Amino acid sequence: MTATDIHRAIDAVWRIESARIIAGLARIVRDVGLAEELAQDALVAALEQWPSSGIPDNPGAWLMATGKHRAIDLWRRNKLLERKHEELGRELAFEQEMAVPNFEAALDDDFGDDLLRLAFISCHPVLSPEARVALTLRLLGGLTIEEIAHAFLVPESTVAQRIVRAKRTLAEAHVPFEVPRGSELAARLTSVLEVLYLIFNEGYTATAGDDWLRPALCEDALRLGRILAELTPNEPEVHGLVALMEIQSSRSRARTGPSGEPILLLEQNRALWDQLLIHRGLAALERAENLRGTFGPYALQAAIAACHARARTPEETDWAGIVALYEALGLVAPSPVVELNHAVAVAMAFGPAAGLEIIDELRSEPSLKDYHLLPSVRGDLLRRLERFVEARAEFERAATLTQNARERDLMLDRARACARGSTSNSRSDFSESIRE
């Protein structure tokens with residue numbers, strides 16, 4: 001095996017094992033920043049030793065053991081400094097010596113909850129949403145700063161600063177490395193789910209840049225969601241979010257054309273939808289339903305996605321059922337974006353005029369003032385009503401509001417079609433947005 005092959009193997013091992021290693025070390029040192037440093041030290045050791053010694057049979061265990069040894073060395077150095085500085089007496093020195101085997105024994109504790117603890121720390125509400133996303137992708141996703149910066153189209157220095165500040169904030173707030181209990185668990189779990197949802201959404205429909213999708217972010221969010229579902233099997237909304245991500249991910253191959261151009265939901269080739277992901281999503285949705293009996297926000301969105309997944313053709317879509325689901329979602333998680341999606345469903349079930357009536361009421365909503373999907377959907381409904389001049393203006397406005405180049409091109413194409421008085425592709429502009 002060449003040095004290049006070994007480095008590739010190390011990269012792969014790191015991406016798979018880094019979260020577990022950092023989580024295990026954080027449980028011992030009680031400091032996420034220090035745990036990551038120790039894990040990075042282990043990675044450097046692998047890069048130095050494996051090209052000559054070969055890849056171990058269990059590379060993850062090797063990295064963990066190396067990180068543990070670094071942690072013990074650090075502990076011993078710190079304790080030696082304490083003894084020198086404080087001139088500890090014989091009795092205290094004896095107690096410290098006895099603490100070493102106890103410390104080493106603690107390193108061998110069960111890792112069952114380590115990843116869950118790390119997830120709750122990375123997504124702690126004391127951090128800003130941007131910091132939570134960056135730290136989660138760094139610690140749990142194993143992404144480099146460069147990869148995170150590329151995914152969100154921000155400078156590497158910005159991502160690095162967010163991560164450094166997040167670690168400092170966690171340390172200063174003395175956030176415990178533990179799984180919260182009781183009522184705090186629900187609140188903190190909500191934060192974790194929000195972060196995964198944000199990551200997935202950014203991958204599913206990129207807010208800016210030249211690409212319509214960023215599949216790697218969707219894959220990372222889904223992988224982390226699956227892990228979270230295994231760690232919290234009795235939480236229905238975790239299964240609901242996983243179901244939503246599985247079903248939405250099933251459409252990935254059908255969502256772009258040969259040149260990367262967007263293909264909206266009702267124009268997609270459904271033969272390209274991944275049936276395995278759909279099956280997994282429906283199974284996760286059933287688990288969520290069996291646990292609670294009534295759906296929360298993520299499970300409701302997954303149920304909407306399931307209506308599309310079950311339809312073999314666009315014409316078979318249960319739009320009346322989707323309308324009812326959006327109405328239920330509006331009760332448990334009211335927002336203007338939910339109402340916008342509800343309007344689309346109403347237009348598909350009962351005609352564009354019915355949907356337009358709801359849309360026009362939303363035009364005065366301050367939070368949607370610069371939201372490009374509002375004029376996009378309104379333009380589509382006006383086009384279906386053959387009000388082409390008004391529709392063209394709406395599509396042109398949507399094009400000025402979006403920061404995504406692919407989406408901008410799509411809106412301008414629709415504006416040009418309206419200028420020609422065209423009703424081609426007259427199915428609803430169902431954007432597939434899940435940014436609720």
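The values are calculated or read from the model by the stated rules, or taken from the named source; none is laboratory data. Just so it is clear, the structure is predicted and the values come from calculations on it, not from any experiment. Cβ atoms come from the backbone with ideal geometry, glycine included; neighbour counts cover every protein chain shown. These accessible areas exclude ligands, DNA and RNA; they are computed on the full protein's heavy atoms, side chains included. Shrake-Rupley method; radii C 1.70, N 1.55, O 1.52, S 1.80 Å.
Quick rundown of the values:
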| read-out | value |
| --- | --- |
| Residue 265 being modelled with pLDDT of 90 or more, over 14 Å from the mean Cα position of the chain (by Cα) and closer than 26 Å to residue 136 by Cα | no |
| Only listed residue being under 22 Å from residue 205 (Cα atoms) and of a type in the set (Asp, Glu), chosen from 327, 365, 339 | 339 |
| Options 274, 220; residue that is more than 13 Å from the chain's Cα centre (by Cα), farther than 21 Å from residue 337 by Cβ and among the charged types (D, E, K, R) | 274 |
| Residue within the range 216-227 that is in contact with a strand residue (DSSP E or B) (Cβ under 7 Å, 6 or more places away or on another chain), open to solvent by less than 10 Å² (accessible area, probe 1.4 Å), under 21 Å from residue 144 (Cα atoms) and not charged (D, E, K, R) present | no |
| Residue satisfying condition, being within 26 Å of residue 166 (Cα to Cα), modelled with pLDDT of 80 or more and within 37 Å of the chain's Cα centre (by Cα), within set 60, 67 | 67 |
| Residue selected from the range 370-391 under the condition part of a loop (DSSP other than H, G, I, E, B) and under 28 Å from the mean Cα position of the chain (by Cα), by the criterion farthest from residue 206 (Cα to Cα) | 370 |
| Count - residues of the range 266-288 that are part of a helix (DSSP H, G or I) and acidic (Asp, Glu) | 2 |
| Only one of 134, 151, 160 that is out of contact with any strand residue (DSSP E or B) (no Cβ under 6 Å at 6 or more places or on another chain) and surrounded by 24 or more Cβ atoms within 10 Å (Cβ to Cβ) | 134 |
| Filter pass, residue 168 being over 13 Å from the mean Cα position of the chain (by Cα) and charged (D, E, K, R) | yes |
| Complete set of residues in the range 14-60 that are β-branched (Val, Ile, Thr) and more than 19 Å from residue 118 (Cα to Cα) | 44, 55 |
| Top-ranked residue of the range 288-302 - restricted to ones that are open to solvent by less than 30 Å² (accessible area, probe 1.4 Å) and hydrophobic (A, V, I, L, M, F, W, C), ranked as nearest to residue 343 (Cα to Cα) | 300 |
| Matching residues in the range 230-254 - criterion: being over 22 Å from residue 298 (Cα atoms) and open to solvent by less than 60 Å² (accessible area, probe 1.4 Å) | 254 |
| Qualifying residue in the range 306-327 (condition: in contact (Cβ under 8 Å) with a residue 24 or more places away in the chain and touching a Pro at 6+ places or on another chain (Cβ under 7 Å)) | no |
| Hits in the range 173-190 - residues which are assigned to a loop (DSSP other than H, G, I, E, B) and more than 24 Å from the chain's Cα centre (by Cα) | 173, 174 |
| All positions within the range 163-189 that are open to solvent by 70 Å² or more (accessible area, probe 1.4 Å) and under 15 Å from residue 120 (Cβ atoms) | 174, 178, 181, 183, 184 |
| Complete set of residues in the range 338-385 that are out of contact with any Gly (no Cβ under 8 Å at 6 or more places or on another chain) and among the acidic types (Asp, Glu) | 357, 360, 361, 365, 370, 380 |
| Candidates 23, 46, 61, filtered to the one that is hydrophobic (A, V, I, L, M, F, W, C) and within 30 Å of residue 173 (Cα to Cα) | 23 |
| Filter result (without any contact (Cβ under 8 Å) to a residue 60 or more places away in the chain and either of a type in the set (Ser, Thr, Tyr) or not in a helix (DSSP H, G or I) (or both)) within the range 117-139 | 126, 127, 128 |
